[in-house]
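Undergrad: My questions will all concern the structure given below.
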Amino acid sequence: MKNKERFRLGIVFNFNPKWTGGLIYIMNVVKTLNFLEDHDKPTVVVLLNPALQKYVDQIEYPYLEIVPHTFPSVYKGYLFSILQNKNLFVHDLVINHKLEAIFPMHDYPVKSKLEIKLVSWYADLQHQYYPQFFTKRKVIERNARIRFILKNSKDMVVSSQAVKDDFLKFFKIPKSLNIHIYHFVSIIDNLPDLNFEEIKAKYQLSNDYFMISNQFHKHKNHKVAFEAVAKLKEKGIEVSVAVTGRFPEKPESEYMQELHDIINKNELQSSVKFLGLIPRGDQLLLMKFAKAILQPSLFEGWSTVIEDAKSLQVPVIAANLNVNMEQLEERGTYFEPHNVAQLVSILENYPDRDYTKPLYDSYENRMKNAAYELLSVFKA
């Protein structure tokens, strides 16, 4: 098949570099398309904020075009789009690069007159459940953006049935809007060539450790895990937890202080090891050898960490959120996210890993199914 005959899919790569989950999501969307049969693979045109170039350099895909582009600021983009009655975030890009679909659209200030699929995406409605975790301005901005999407978009992707249910709960959904559920999957590639002993020594970890890989936001709920470790220590049981994630920029972070207070009060310095933001390959390798992944979060749209664990065949102990149970089904071990005693019981009796027993569907099957599920959104 000649390249010009391939379906031309535009991928908007314009995120805050600090949003690790969003960056991984977009990179994995493109990488997932590698699992399509060659004749089904679209040409992927990455519409790139130049500040994110290093992330795109990590993507290997045979039919990839990179288009550096300076996107308008949000406020000016909305204002002038409304005044000119065309979506200035993508209008010229569609025409100039002969695109047949674009994903993910966050900014949809007006209805488009273009005869292509402009597919919106919204990660989750966390601000509806935990507005205290956001500034009032941010809550207003999120709701305004959602309302523009719902008013002007024809197709929107969400990551789970749980997120779709939340949209139906909190917003009036136009009959003209198609809501597609695409279950994001985690691509595992470029792992360091290190064995368990080497990666363990690099980060000075014990033989048996649990692992938390979340950013340090309040809703990620590290606290319940640290308090459980403290209770186990009181019982004479030593549990080790490796914690990765980008530290808050503000040194006076109240959340980090709260976590350090738990550690200092209970003398957990040897039990809880903060590793910070480490290379993703190292993070995945540490996950691969962990006793289990802990996901204590109070809210998720679709957990990247759980998808990482599934791709690596690692067991997961997760808060009993609807979305986590949708993601793991009967293969997860669950606890109430504020119930320290329940987590203590799970950790105290948690079995050793059986590396020979697959926990989830095979990696290849999951990737291929996800690739065709994603393609169907754009070509249906």
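Undergrad: Just wondering, is there one or more residues in region 164-183 that are among the basic types (K, R), open to solvent by 70 Å² or more (accessible area, probe 1.4 Å), part of a loop (DSSP other than H, G, I, E, B) and within 22 Å of P109 (Cα to Cα)?
TA: Within region 164-183 (the criterion being among the basic types (K, R), open to solvent by 70 Å² or more (accessible area, probe 1.4 Å), part of a loop (DSSP other than H, G, I, E, B) and within 22 Å of P109 (Cα to Cα)), the answer is yes, since at least one residue qualifies.
Undergrad: Is one or more of the residues making up region 84-106 aromatic (F, W, Y), at pLDDT 95 or above and within 30 Å of K218 (Cα to Cα)?
TA: Yes, that holds for at least one residue.
Undergrad: Shifting gears a bit: Suppose we filter region 65-86 for residues that are closer than 21 Å to N16 by Cβ and either in contact (Cβ under 8 Å) with a residue 60 or more places away in the chain or of a type in the set (V, I, T) (or both); how many remain?
TA: Qualifying residue count, region 65-86: 5.
Undergrad: What is the one condition in (1) over 19 Å from P174 (Cβ atoms); (2) touching a helix residue (DSSP H, G or I) at 6+ places or on another chain (Cβ under 9 Å) that F80 does not satisfy?
TA: (2)
Undergrad: Looking at the structure I just gave you, is S186 within 19 Å of the chain's Cα centre (by Cα), polar (S, T, N, Q) and not in a helix (DSSP H, G or I)?
TA: Working: within 19 Å of the chain's Cα centre (by Cα): yes; polar (S, T, N, Q): yes; not in a helix (DSSP H, G or I): yes.
Yes.
Undergrad: Please note which helices (runs of 4 or more DSSP H) are completely contained in region 275-358 and include at least 1 residues that are of a type in the set (V, I, T) and surrounded by fewer than 20 Cβ atoms within 10 Å (Cβ to Cβ).
TA: Numbers: elements: 280-289, 304-312, 322-328, 340-348.
Answer list for region 275-358: 340-348.
Undergrad: To continue, here is another question. Please state which of the following conditions S270 fails to meet, knowing it meets all the rest: (1) over 15 Å from the mean Cα position of the chain (by Cα); (2) more than 21 Å from I199 (Cα to Cα); (3) among the hydroxyl-bearing types (S, T, Y).
TA: The number of the failed condition is (2).
Undergrad: Here's a follow-up. Looking only at region 204-216, which residues are farther than 28 Å from K31 by Cα, in contact (Cβ under 8 Å) with a residue 60 or more places away in the chain and open to solvent by 30 Å² or more (accessible area, probe 1.4 Å)?
TA: Across region 204-216, the qualifying residues are Q204, D208.
Undergrad: Right, E336: acidic (D, E) and closer than 19 Å to M27 by Cβ or not? Working first, answer last.
TA: On the way: acidic (D, E): yes; closer than 19 Å to M27 by Cβ: no.
So E336 fails the test.
Undergrad: Only one residue in I116, I59, I26, I11 is aliphatic (A, V, I, L, M), at pLDDT 95 or above and out of contact with any Cys (no Cβ under 6 Å at 6 or more places or on another chain), so which one is that?
TA: After ruling out the rest, the residue left standing is I11.
Undergrad: Please go through region 64-80 and give me each residue that is aromatic (F, W, Y) and open to solvent by less than 60 Å² (accessible area, probe 1.4 Å), ordered by number.
TA: Result: F71, Y78.
Undergrad: Another question about this same structure. From (1) in a loop (DSSP other than H, G, I, E, B); (2) modelled with pLDDT of 95 or more, pick out the condition that doesn't hold for Q128.
TA: Q128 satisfies every listed condition except (1).
The values are calculated or read from the model by the stated rules, or taken from the named source; none is laboratory data. If you're wondering where the values come from, they're calculated on a predicted model, not measured in any experiment. All Cβ positions, glycine included, derive from the backbone under ideal geometry; neighbour counts span all protein chains shown. Side chains are part of the model used for accessible areas, which takes the heavy atoms of the whole protein and leaves out ligands, DNA and RNA. Shrake-Rupley method; radii C 1.70, N 1.55, O 1.52, S 1.80 Å.
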